[in-house]
Every structure is written in structure tokens, then in C-alpha cells.
Amino acid sequence: MKLLEDRILRDGKIFPGDVLKVDSFLNHRIDVGFLCEIGKEFHRLYQNEGVNLILTVEASGIGVACLAAAEFGCPVVFAKKSKTINIGDNNWSAVAHSYTHGTDNTLLVSKDYLGKHDRVLILDDFLANGCAATALAEICKQAGATVVGIGAVIEKTYQKGGDTLRKQGFRVESLARIASMSPEDGIEFC
Ligand code: 5GP
């Protein structure tokens, strides 16, 4: 998506640990009009798949998921990363290693909000090693739900997540695909 690539080149900052910061429009300040365009693009890609639920993980996936859900006319469920007193015990769960925090989190989704009749589009801001998406897909499997696709706003294709998920048979679509990234040479798209 040209609009997104231009925005990444303009506003993205490369940090140590292979982290691209896009805090000015996606991860801290949210450019809602811009994310509406992203939501429309995910809808264009998956509109014929009968999506009735978008699944993401807190916190950075929620904005994108909501604006895409507005296009699909479906709800968003976001996996919680910690067990709070108000979530109860009736949950699907899977462990995901956090790329940016370096810790393992147990992702929790209430059994009330995900079940075997759901056709799920998994969305997240980034796809790196695929841990978050894999854990969300595992949660869908536990629930008997169908994963119709996995979408990422930005995929770092030189990390293994996208390939691994595609080999498992998932339809993975990312709107900007980074081929390489370094502070010296900048960002190259596929
Ligand atoms: P994965 O689970 O695919 O290894 O990593 C995806 C998750 O880690 C996303 O939810 C995202 O929040 C975070 N992440 C991975 N790489 C980056 C990055 O380069 N920049 C930012 N801001 N987040 C990232």
C-alpha cells in the first residue's frame, strides 16, 4: 500500500533490536483518518470471506482492528495479556512471546466472545516472528472458530513469522512488506 509505505519512510524510526517505531501514527498517537484507509484496505482484501469477528491483541492492535471492523460491520475481540479480576476463568488461552517486551504473556479470550460459528480475521500492527498471530490462531482452534486470514499493517519479511504462517496454510496479507531495515541503509520494501 503506497500510502503506508510513504508514511513509514516519512515518519518511521529504526530502533535497536530490529524495532521500527511508528508512534506518530500507529502505536502511540493514532492517525484515525489514516487508519480508516488501512481498515478499508483490509476490507477490500477479505470482503468475500464471511468475516464476522476481528481478533487482535491488546494494546497496539486494537486501533487498526476497530477501524477495519467498522468496514466489515463486525465486532472486535482483543486478547488480554494479563488475568484481571474482571475477566473470570471461562477463557481460551495461549502463550505468546512478546517481541517488544521480551516476556511471555498468556493471551486470554473469554469463551463468551469466540466460538465455533465465528469466521475470524486476525489483525495486528506488526508481523515479526509470528508469536502473537500464532497464539491467536491457537485460541481460535481451541474455540473451534475458523481463521479466514491473518493481516498485518507492517510485515518484516526477513523475520520468520509470515513464512511460517503461510506454510501452515493461513492466508497472510500485509499492507507494507519490509525486505530489510537498518539505521545505516534505511528501509527497503519488497
Ligand atoms: P511477533 O509476535 O510477530 O513476533 O511480533 C508482533 C508483535 O510485536 C506486534 O504485536 C507488535 O506490537 C510487536 N512488534 C514486532 N516488531 C515490531 C516493530 O518493529 N515495531 C513495533 N512498534 N512493534 C513490533
Segment 136-151 residues that are among the charged types (D, E, K, R), paired with ones that are in a strand (DSSP E or B) (beta carbon under 6 Å, 6 or more apart): Glu138/Ala94
Might you check whether a residue that is modelled with pLDDT of 95 or more, on the phi > 0 side of the Ramachandran plot, in a loop (DSSP other than H, G, I, E, B) and not β-branched (Val, Ile, Thr) occurs anywhere in segment 20-42? no
For the list (1) in contact with a helix residue (DSSP H, G or I) (Cβ under 9 Å, 6 or more places away or on another chain); (2) closer than 18 Å to Gly39 by Cβ, I need the number of the one condition that Val95 fails. (2)
For Ser60, are the conditions met, namely being of a type outside the set (Phe, Trp, Tyr), in contact (Cβ under 8 Å) with a residue 40 or more places away in the chain, touching a Ser or Thr at 6+ places or on another chain (Cβ under 9 Å) and over 21 Å from Gln142 (Cα atoms)? yes
Determine whether segment 24-42 contains at least one residue that is touching a Pro at 6+ places or on another chain (Cβ under 7 Å) and not small (Gly, Ala, Ser). no
Determine which single condition Asn91 fails, assuming it passes every other condition in (1) surrounded by 20 or more Cβ atoms within 10 Å (Cβ to Cβ); (2) without any contact (Cβ under 8 Å) to a residue 60 or more places away in the chain; (3) more than 15 Å from the ligand (Cβ to nearest atom); (4) under 18 Å from the mean Cα position of the chain (by Cα). (4)
State the number of residues belonging to segment 143-185 that are at pLDDT 95 or above and out of contact with any strand residue (DSSP E or B) (no Cβ under 7 Å at 6 or more places or on another chain). 8
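The values are calculated or read from the model by the stated rules, or taken from the named source; none is laboratory data. Quick caveat, the model's predicted, so the values are computed rather than measured. As a convention, Cβ positions derive from the backbone with ideal geometry for all residues, glycine included, and neighbour counts pool all protein chains shown.
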